[in-house]
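Right, one structure below, let's go through it.
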Amino acid sequence: MRCRHMPRVARIVVPDVCLHVYQRGNNRAPCFVRPSDYRVYLRYLRVYAAQYGCAIHAYCLMTNHIHLLITPRAPNSCAQLMKHLGQCYVQTFNMAHKRTGTLWEGRFHSCLVPTESYVLTCYRYIELNPVRAGMVSAAGEYPWSSFATNAAGHENALITRHAALEAVGHDYRALFDVPVENPLLEEIRKATRNGHALGVPRRPRGRAPAQPEMGSVPISEGIVLTP
């Protein structure tokens with residue numbers, strides 16, 4: 001667990017490589033209250049994604065958090081998108097609901113998604129979110145995700161199809177016949193929370209075990225010989 005006084009973990013961003021992005025409402029409070037809120041967020045997302053060079057592949061706007069699957073064109077593209085998207089949406093939300101103060105719980109979280117296999121897994125992870133939450137029984141029933149565009153081909157100027165999605169074509173819908181396995185769910189959540197790259201083994205934290213000096217034998221053997 002990180003203390004609030006600890007330095008921030010640097011995000012891993014590689015231009016033209018996919019990112020899973022997650023942001024939660026402050027104190028898990030709702031970020032969207034009525035349908036117009038969702039529409040406003042998506043409108044700002046489209047504007048700033050185009051302005052800062054981010055291709056949006058998938059999204060899901062839940063009541064108190066959001067998920068995005070994006071490909072940034074430059075190292076700072078995602079950060080600029082989320083900064084301006086967040087600021088403009090909060091201002092509009094606060095005016096509409098006659099409130100003040102912050103809406104988001106700190107900065108957004110993200111993880112690198114370096115392979116097409118993990119990209120497809122993140123598509124499913126994002127668009128199945130309402131099903132896992134018990135809000136709907138099937139992904140196509142939820143109106144505030146990209147499933148209708150990616151699975152059914154509905155027009156949506158916001159969405160850019162990733163090469164991994166193009167490769168599976170009409171078989172994409174069949175991927176939703178089974179849920180994302182629990183180990184993969186936990187892997188995605190942990191990588192996103194900690195800013196890791198999916199599928200890349202992490203080096204254990206802490207200092208490496210001390211190595212005996214050259215020409216020595218372990219102290220446990222009772223003798224230490226030095227050159």
For this session: Quick one: order Val178, Val131, Val33, Val17 by neighbouring beta-carbon count within 10 Å, fewest to most.
Result: Val178, Val33, Val17, Val131
Exercise. Can you work out ³J(HN,Hα) from phi for every residue in the range 68-79, in order, using Karplus 6.51 cos²θ - 1.76 cosθ + 1.60 and θ = phi - 60°, giving whole Hz and x for Gly and Pro?
Worked result: 9, 10, 9, 10, x, 7, 10, x, 9, 4, 5, 4
Exercise. Sorted from fewest to most neighbouring beta carbons within 10 Å, what does the list His109, His20 look like?
Worked result: His109, His20
Problem set entry | Long-range HN-HN contacts of Cys18 with modeled amide H, under 5 Å | Val113
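In whole angstrom, how long is each semi-axis of the equivalent ellipsoid of the range 18-200, when you take the square root of 5 times every eigenvalue of its Cα gyration tensor and sort them from largest down?
24, 18, 17
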Problem set entry | Length released on extending from Val14 to Ala174, taking residue separation times 0.36 nm less the Cα-Cα span | 54.6 nm
Exercise. From the backbone phi of the range 95-104, what are the Karplus-calculated ³J(HN,Hα) couplings (6.51 cos²θ - 1.76 cosθ + 1.60, θ = phi - 60°) in whole Hz, Gly and Pro given as x?
Worked result: 5, 5, 10, 6, 10, 9, x, 6, 10, 8
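Ranking Lys190, Lys98 by Cβ neighbours within 10 Å, fewest first, what do you get?
Lowest count first: Lys98, Lys190.
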Problem set entry | Equivalent-ellipsoid semi-axes of the range 140-194, from the Cα gyration tensor, Å, largest first | 22, 14, 13
Exercise. Where Rh denotes the Kirkwood radius from the mean inverse Cα pair distance, what is Rg over Rh for the range 1-117?
Worked result: 0.97
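Just so you know, all these numbers are worked out from the coordinates, no wet-lab data involved. Just so we're clear, the structure is a prediction, and the values are computed from it rather than from any experiment. We place every Cβ from the backbone using ideal geometry, glycine too, and count neighbours over all the protein chains shown.
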